[in-house]
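Presented below is the structure to which this report refers.
The values are calculated or read from the model by the stated rules, or taken from the named source; none is laboratory data. Predicted model, so just to flag it, every value in this text is computed and none were measured. When we count neighbours, we look across all protein chains shown, and the Cβ atoms used for this are built from the backbone with ideal geometry, even at glycine.
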Amino acid sequence: MSGSLARLPRLLALVPYLLKHPGVRVADVAALFEVTEEQLRRDLDLLWVCGLPGHGPGDLIDLEFEGDTITLSEPAGVTAPLRLTVDEALALLVALRTLAETPGLADREVVDRTLAKVEAAAGAAAEPSHRVEVTVEGEEQVLPVVRQALDASLRLHLSYYVPGRDETTERDVDPLRVLLVDGRSYLEAWCLLAEGVRLFRLDRVVAVTMLDIAAEAHPEAEQRDLSQGLFRASPDDTLVTLALRPGAHWVADYHPCESVEQIGDGTVVARLRTPDTAWVRRLALRLGDSGSVLEPPELAEQVRSDARAALSAYSA
Amino acid sequence: MSAKKTERLLNLVICLLHTHRFLSVQEIRDAVPGYASDTEDAFRRMFERDKAELRELGIPLETGTESQAHDDELGYRIARRDYELPPISLEPDEAAALGLAARLLHSAPLGSATGTALLKLRAAGIDAPEATGALEPRVGGNEPAFEACLAAVTVKQVVRFTYRASGREPEARQVEPWGVVWWHGRWYLVGHDTGRDDTRVFRLSRIVGPVAAVGPEQAVTPPVNLDLSALVARMAGEEPRATAQVRMRAGAGWALRREATGCTPGDDGWDVLELGYSDPERFADRVTGYGADAVVLSPDEARDAVVRRLQALAS
């Protein structure tokens with residue numbers, strides 16, 4: 001989807017592309033331009049009848065097919081692609097600058113060289129790109145080590161903070177990939193402690209060490225489908241019902257809920273699944289009187305006793 | 001667009017790229033197949049639409065006359081140096097960086113422009129590999145206001161919109177836009193709020209309804225040496241206003257400890273942390289989550305905010 005051009009700009013890019021890639025496979029070109037082979041053949045048929053004024057045999061764009069490959073022998077003067085539009089220059093340059101500014105993603109010096117070349121090629125269209133910035137929290141202490149381990153396929157040791165339990169855990173992991181989602185960076189890895197794929201927020205990594213142990217392949221590891229959001233609820237998780245008054249509505253926006261229901265007077269009832277009710281206890285404490293646990297009742301009682309225990313320190 | 005029209009436009013581009021001198025409308029009509037058969041009026045209307053479409057795609061149509069001697073009709077041509085992407089060649093490591101960068105904004109509102117830009121560079125002979133595997137970036141939300149704000153920033157045009165600031169009724173705003181910034185998972189518009197005569201940062205998700213461009217393009221002059229990200233971080237983030245002292249059980253509260261400006265270990269298994277905050281209520285939200293492991297010692301406004309939360313929960 002992302003690369004598909006409307007037909008005329010596609011044809012204007014197709015001619016110089018074919019000129020630069022004689023003997024390229026039709027299927028590869030179709031894939032690159034994100035059209036079906038059928039559509040590409042219609043495009044080529046159209047090119048064939050276009051050309052310089054006069055439109056005699058020597059004036060037309062000329063193509064030669066050989067098996068499933070294609071060679072363009074006459075471009076009719078369309079020898080280079082059209083310049084980048086302002087939006088196109090902006091998209092590439094902003095992405096490159098983000099890459100340059102985020103430690104650990106790529107070699108800064110290489111990115112800077114690339115940036116200079118693309119900026120020069122974009123010319124005047126590059127100017128507005130300076131007014132758009134994309135910042136990614138790369139966690140500069142952690143991300144370079146993680147990337148290095150991924151590149152070298154080595155195991156990592158993590159000291160990882162688990163906010164639900166408010167404790168730091170120690171574990172070895174085999175890194176799978178780095179995810180940058182909504183401004184945060186995560187490591188998806190096979191956790192040897194949990195014997196499964198886990199997602200680690202890099203801003204909660206207290207310390208990371210690359211081990212001199214090769215990471216093992218985990219064919220059973222299933223990468224999460226990001227189109228469904230970052231977090232998946234499991235049917236084994238506890239179903240929690242929260243009443244959220246206006247000051248706590250963010251909870252329903254922030255966490256994936258099974259259902260969210262308005263019940264009048266500005267209160268929202270949200271049902272969500274979690275494997276970790278300790279997290280819900282902490283959440284309920286921080287919400288104070290703007291939110292409360294409705295179900296399960298034993299969790300609501302735990303929150304009450306947590307609050308009483310905490311309060312005793314203030315009355316002493 | 002019909003195949004017939006695509007064919008006509010492609011022939012028009014080839015014809016105008018080929019010519020060195022300005023071609024009159026009549027010459028264009030004779031040279032480009034597809035124009036000949038219509039009446040003069042129909043041809044003129046069609047040509048006007050075609051010109052607009054080419055300009056829409058960023059094809060630089062140049063207008064002028066060959067001589068100043070007589071009142072020539074305007075002619076047209078496409079200057080090759082304005083049309084063509086200048087030659088560019090990338091080393092393999094640079095091409096890989098480009099592929100990675102393209103992936104970075106793949107899912108952002110800028111994603112489709114990234115894709116078409118990459119196609120043009122590939123047509124210029126650059127072999128940018130598809131970056132896959134180890135890095136999976138998802139940058140950029142889909143706030144409805146993004147497109148209009150980006151367009152206004154690009155052409156430096158004043159905008160008007162309705163904005164709902166946190167805890168307030170929606171209000172009409174007029175802004176000279178300086179830039180858009182993705183920061184901490186959100187898009188922001190930075191600019192000069194003309195109604196308040198001051199610099200403001202707007203969260204795009206809080207813009208209600210459409211963003212209207214007002215007045216001419218190129219009407220906005222952003223300050224020189226503007227650091228957009230720093231401005232957003234300063235204005236959208238929180239500058240500490242006061243310092244609280246919090247007794248924290250040893251080993252607990254790592255997330256608070258990493259932000260502490262000071263930590264005095266006690267001999268009773270508790271430490272005293274010094275933490276900056278701007279809003280006592282929001283500070284209390286965070287501290288209360290640690291339950292009995294955290295006790296606010298001072299100041300009173302923060303201590304009272306925590307106690308109020310706990311009392312509401314304990315009853």
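Among the listed residues B:GLU40, B:GLU62, identify the single one that is within 26 Å of A:CYS50 (Cβ to Cβ), in contact with a Lys or Arg (Cβ under 7 Å, 6 or more places away or on another chain) and surrounded by fewer than 16 Cβ atoms within 10 Å (Cβ to Cβ).
On the way: B:GLU40 fails: in contact with a Lys or Arg (Cβ under 7 Å, 6 or more places away or on another chain).
Only one candidate qualifies: B:GLU62.
With (1) at pLDDT below 90; (2) crowded, with 18+ Cβ neighbours inside 10 Å; (3) in a strand (DSSP E or B) as the list, and A:THR169 as the residue in question, which single condition is left unmet?
Every condition holds for A:THR169 apart from (2).
For the list (1) crowded, with 18+ Cβ neighbours inside 10 Å; (2) in contact with a helix residue (DSSP H, G or I) (Cβ under 6 Å, 6 or more places away or on another chain); (3) more than 9 Å from chain B (Cβ to nearest Cβ), I need the number of the one condition that A:ASP68 fails.
(1)
Among the listed residues B:ARG241, B:ARG168, B:ARG249, B:ARG258, identify the single one that is surrounded by 12 or more Cβ atoms within 10 Å (Cβ to Cβ) and among the charged types (D, E, K, R). Step through it out loud before you land on a result.
Working: B:ARG241 fails: surrounded by 12 or more Cβ atoms within 10 Å (Cβ to Cβ); B:ARG168 fails: surrounded by 12 or more Cβ atoms within 10 Å (Cβ to Cβ); B:ARG258 fails: surrounded by 12 or more Cβ atoms within 10 Å (Cβ to Cβ).
Answer to the check: B:ARG249.
Pick from A:ALA80, A:ALA95: which is small (Gly, Ala, Ser), not assigned by TED's automatic domain parsing to the domain that holds A:ARG201 and not in a loop (DSSP other than H, G, I, E, B)? If you could, list the steps in order and put the result at the bottom.
Working: A:ALA80 fails: not in a loop (DSSP other than H, G, I, E, B).
Only one candidate qualifies: A:ALA95.
Identify, by number, the condition in (1) within 13 Å of another protein chain (Cβ to nearest Cβ); (2) in contact with a Cys (Cβ under 9 Å, 6 or more places away or on another chain); (3) free of Cβ contacts under 8 Å to residues at least 40 places away in the same chain that B:ASP271 doesn't meet.
B:ASP271 satisfies all of (1) within 13 Å of another protein chain (Cβ to nearest Cβ); (2) in contact with a Cys (Cβ under 9 Å, 6 or more places away or on another chain); (3) free of Cβ contacts under 8 Å to residues at least 40 places away in the same chain except (1).
Please enumerate the residues belonging to the stretch A:4-54 that are at the interface with another protein chain (Cβ under 7 Å from one of its Cβ atoms), more than 34 Å from the chain's Cα centre (by Cα) and either under 18 Å from B:TYR83 (Cα atoms) or among the small types (Gly, Ala, Ser) (or both).
A:GLY51, A:LEU52
Which of the residues belonging to the stretch B:190-218 are closer than 12 Å to B:VAL158 by Cβ and in a strand (DSSP E or B)? Give the derivation first.
Looking only at the stretch B:190-218, we keep the residues that are closer than 12 Å to B:VAL158 by Cβ, and these are B:191-195, B:211-218.
Result: B:GLY191, B:HIS192, B:ASP193, B:VAL211, B:ALA212, B:ALA213, B:VAL214.
I need the full set of residues from the stretch A:47-65 which are over 18 Å from B:THR19 (Cα atoms) and either touching a Cys at 6+ places or on another chain (Cβ under 7 Å) or crowded, with 19+ Cβ neighbours inside 10 Å (or both), in order please.
Within the stretch A:47-65, the first condition is being over 18 Å from B:THR19 (Cα atoms), and the residues that meet it are A:47-49, A:57, A:62-65.
Listed by number, the list holds a single entry, A:LEU47.
Specify the residue that is farthest from the chain's Cα centre (by Cα); the eligible residues are those in the stretch A:240-291 that are loosely packed, with under 13 Cβ neighbours inside 10 Å and assigned to a strand (DSSP E or B).
Across the stretch A:240-291, the extreme among qualifying residues is A:GLN262.
If you check A:GLY123, A:GLY104, which single one turns out to be among the small types (Gly, Ala, Ser) and part of a loop (DSSP other than H, G, I, E, B)? Explain how you work it out, then say what you get.
Details: A:GLY123 fails: part of a loop (DSSP other than H, G, I, E, B).
Answer to the check: A:GLY104.
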